[in-house]
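*Asks:* Supplied in structure tokens, the structure appears directly below.
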Amino acid sequence: MVKGRLVTPEGTKDLLFEDCIARHKVEDSIKEVLIPRGYAEVITPALEYYDVFNSGHYGIPQEEMYKLTDLKGRLLAVKPDLTMPIARLAATRLKGHPLPLRLFYNQNIYRVSPALSGRSDEIDQIGIELIGSSTRRADLEVIATAIETMAHCTGRDFRLELGHIGIFNALAEALGLDDNDKEEIRCLIESKNYPELNDQLDRMENRAAAEALKRLPALFGGSEVLDELDGLTGLPEVATVTGYLRAILADLEALGLMGKVTLDLGIVNRNDYYTGVVFQGYLAGVGDTVLTGGRYDKLLSDYGLDLAAIGFAVNVDSVAKAAKEGMAFQLLPDVLVYAHPGYEVKALGEVNRLIEAGFRAEFAVCEKLDEAKSYAARKGVAILYLVNDDIVEVRV
């Protein structure tokens, strides 16, 4: 037997029954938040030209992509990201539409994960993109929508952590870091590798900026961390960002949303991609981040459209896994309908009538009554309808 015939590729899996129901319930609950707020769904192809993701400034590493070629030998990628295809879409088919664009998507992405990492290579995502506004109002809308999304999709306790990539960029600029050193230190902060981070920064001449970067992964909490950061640096660029974050926190407080928000100034995801506020969402009992988002004002210029944008994406699979634990599932039919020979059409009509009345009804394809009774008992269906001139209800 061919080895790959009975297994799924590494990083993928089949979804059965409750998994499918949980996924769709999460998707539907998130759409209930997005659609009334003016977000319209778009769907981009699963296959895109490799160039869509190979931007000189913001590209995805090619080793993280699944690639293939078309009939003309052109390189394609199975979609590893959803924001970049929407940037392409905004710059082409949506060019000239009234701004801002409020778009949402619900599709899979495919990324090559390190071997034995336990991560999925196929991820179902729902996300939004608000394109064409650089205002704090746009930031507030998207952050508030992220909070409402988290609150709506599982009923579990959650938190949203809020940061700003401008803090890291300002400190890196003050230290005179080149791109390689900047990326190395960013990764150390993101992984909270304090010993190596300290070793790297102890060699820097600007002690105030170096000490602030050392503290960045630990600046987690309320507005007091902004006060501490201001006291560490004295940089006007940092003061501008802390002032912005204070304003956002005040707005969230006025909306009654502040109880679920924490500052985390150590969020430094992809400093070549994000340009402003960044945020991450977590659900109780789920170790991984389930929501990521932020402002990216330069990305669309790579597609010929110089527009500001902000958005977020939800890992539906992670949320659905958590949501499934608290869900009640009804997979079995309420009634199995068996037709005596010659009464098949009448029995199918009874199935339709039961469904219209709100029951789950299944048509028995068994030829003999004993087979239908045995099937109902094995499956756990409690009621059997026997259809001939009359319809007789039998408890199995």
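The values are calculated or read from the model by the stated rules, or taken from the named source; none is laboratory data. What you are looking at is a predicted structure, and each value in this text was computed from that prediction instead of being measured. Using ideal geometry, Cβ is built from the backbone for each residue, glycine included, and neighbour counts are taken over all protein chains shown. For accessibility, only protein heavy atoms count, side chains too; no ligands or nucleic acids. Shrake-Rupley method; radii C 1.70, N 1.55, O 1.52, S 1.80 Å.
*Asks:* Give me the one-decimal nm value for the distance between modelled label points at residue 97 and residue 345, 7 Å along each residue's Cα-to-Cβ direction.
*Replies:* According to this spin-label approximation, the distance is 4.9 nm.
*Asks:* If you don't mind, there's one more thing I want to ask. Using the Cα centre as the reference, give the magnitude of the dipole from point charges on the C-beta atoms of region 1-113 (Lys, Arg: +1; Asp, Glu: -1; all else neutral), rounded to the nearest 20 debye.
*Replies:* Values: 16 positive and 14 negative charges, 69 e Å.
For region 1-113, the charge dipole is close to 340 debye.
*Asks:* What is the calculated FRET efficiency for residue 327 to residue 203, with r their C-beta to C-beta distance and R₀ = 35 Å, to the nearest 0.05?
*Replies:* Working: r = 53 Å, r/R0 = 1.52.
After rounding to 0.05, the efficiency reads 0.05.
*Asks:* Give 192/298; 67/324; 3/31; 214/298; 25/95 a once-over and call out the pairs whose C-alpha atoms are over 30 Å from each other. Working shown, then result.
*Replies:* Working: 192/298 27 Å; 67/324 33 Å; 3/31 40 Å; 214/298 28 Å; 25/95 33 Å.
From 192/298; 67/324; 3/31; 214/298; 25/95, over 30 Å: 67/324; 3/31; 25/95.
*Asks:* Rounded to the nearest 0.05, what FRET efficiency do residue 187 and residue 75 give with R0 = 30 Å and r taken as the Cβ-Cβ distance? Could you check? Walk me through the numbers before you get to the answer.
*Replies:* Values: r = 28 Å, r/R0 = 0.94.
It comes to 0.60.
*Asks:* Here is a follow-up. Using Cα pairs under 8 angstrom and six or more residues apart, how large is the relative contact order of the chain, in percent?
*Replies:* Values: 645 pairs, mean separation 68.1, N = 396.
Relative CO of the chain lands at 17 percent.
*Asks:* Can you list the GluC sites (Glu not before Pro) in region 7-87 that are in a DSSP coil and have 16 or fewer other beta carbons within 10 angstrom? Display every interim value, and only then the final one.
*Replies:* On the way: sites: 10, 18, 27, 32, 41, 48, 63, 64; in loops: 10.
Sites meeting the loop and neighbour criteria: 10.
*Asks:* Just in region 1-56: which trypsin sites (Lys or Arg not before Pro) are loop by DSSP and have at most 15 other Cβ atoms within 10 Å?
*Replies:* Working: sites: 3, 5, 13, 23, 25, 31, 37; in loops: 13.
Answer in residue order: 13.
*Asks:* Given 0.36 nm per residue, what is the gain on full extension from residue 194 to residue 68 after removing their alpha carbon distance, in nm? Let's see the in-between values first.
*Replies:* Values: separation 126, 0.36 × 126 = 45.36 nm, distance 4.05 nm.
Roughly 41.3 nm would be gained on extension.
*Asks:* Per residue of the chain, what 222 nm ellipticity follows from adding -39500 (n - 2.57) for every DSSP H run with n ≥ 4, rounded to the nearest 500?
*Replies:* On the way: 12 runs with 146 residues, N = 396.
Theoretical 222 nm ellipticity from helices: -11500 deg cm²/dmol.
*Asks:* Report, to one decimal in Å, the Kirkwood hydrodynamic radius for the chain based on all distinct Cα pairs.
*Replies:* Numbers: mean 1/r = 0.0409 Å⁻¹.
Final number for the Kirkwood radius of the chain is 24.4 Å.
*Asks:* Given springs between every Cα pair under 10 Å in a Gaussian network model of the chain, which of 297, 14, 230 has the largest fluctuation?
*Replies:* Highest fluctuation among the options: 14.
*Asks:* Putting +1 on Lys and Arg Cβ atoms and -1 on Asp and Glu Cβ atoms, find which of 284, 245, 234 reaches farthest to the positive end of the dipole of region 186-302.
*Replies:* Farthest along the dipole direction, towards plus: 284.
*Asks:* In addition: Using only Cα atoms, locate the centre of region 368-382 and the centre of region 262-341, then give the distance between them in Å, rounded to an integer.
*Replies:* 42
*Asks:* Determine one quarter of the surface area of the Cα convex hull of region 266-396, which equals its mean projected area, and express it in nm² to one decimal.
*Replies:* Values: hull surface 57.3 nm².
For region 266-396, averaging the hull's shadow over all directions gives 14.3 nm².
*Asks:* Now a separate question. From the backbone phi of region 13-22, what are the Karplus-calculated ³J(HN,Hα) couplings (6.51 cos²θ - 1.76 cosθ + 1.60, θ = phi - 60°) in whole Hz, Gly and Pro given as x?
*Replies:* 7, 7, 10, 10, 6, 4, 4, 5, 5, 4
*Asks:* How are the alpha carbon pair distances in region 243-308 distributed across 5 Å bins from zero to the largest one, expressed in percent?
*Replies:* 3, 14, 19, 21, 18, 14, 7, 3, 0
*Asks:* Could you state the principal axis extents of the C-alpha atoms in region 103-172, from the largest down, to the nearest angstrom?
*Replies:* 40, 37, 28
*Asks:* For region 1-81, which chymotrypsin sites (Phe, Trp or Tyr not before Pro) are in a loop by DSSP, counting at most 12 other Cβ atoms within 10 Å?
*Replies:* Numbers: sites: 17, 39, 49, 50, 53, 58, 66; in loops: 17, 39, 58.
Sites meeting the loop and neighbour criteria: 17.
*Asks:* Output the 0 to 90 degree angle, nearest 10, between the alpha-carbon long axis of helix 344-356 and the longest principal axis computed from the alpha carbons of the chain.
*Replies:* Result, in degrees: 40.
*Asks:* Accessible area per residue for the chain in Å², computed with a 1.4 Å probe and the full protein assembly in place, what is it? Mind dumping the intermediate values first?
*Replies:* Values: 20010 Å² over 396 residues.
In whole numbers, the chain has 51 Å² accessible per residue.
*Asks:* Another one. Considering only protein heavy atoms and a probe of 1.4 Å, how much of the accessible area of the chain is carbon and sulfur, as a whole percent? All intermediate terms of the calculation are to be shown ahead of the outcome.
*Replies:* Values: 10370 of 20010 Å².
About 52 percent, which is the carbon plus sulfur part of the accessible surface.
*Asks:* With the chain treated as a Gaussian network of Cα nodes joined by springs under 10 Å, which of 318, 134, 301 yields the largest mean-square fluctuation?
*Replies:* Among 318, 134, 301, the largest GNM mean-square fluctuation belongs to 301.
*Asks:* Report, to one decimal in Å, the Kirkwood hydrodynamic radius for region 72-211 based on all distinct Cα pairs.
*Replies:* So the Kirkwood estimate lands at 19.1 Å.
*Asks:* Could you give P(r) for region 199-332, binned at 10 Å from zero, as whole percent values over all Cα-Cα pairs?
*Replies:* 10, 30, 33, 19, 6, 2, 0
*Asks:* Residue 370 to residue 16: FRET efficiency via 1/(1 + (r/R0)^6), r the Cβ-Cβ distance, R0 25 Å, to the nearest 0.05? Mind dumping the intermediate values first?
*Replies:* On the way: r = 29 Å, r/R0 = 1.18.
It comes to 0.25.
*Asks:* Label-point separation (nm) for residue 301 and residue 253, each offset 7 Å from Cα along Cα-to-Cβ?
*Replies:* Going by the 7 Å Cα→Cβ label model, 3.5 nm.
*Asks:* Which residue, 70, 181, 227, tops the fluctuation ranking in a GNM of the chain built on C-alpha contacts under 10 Å?
*Replies:* Top of the fluctuation ranking is 70.
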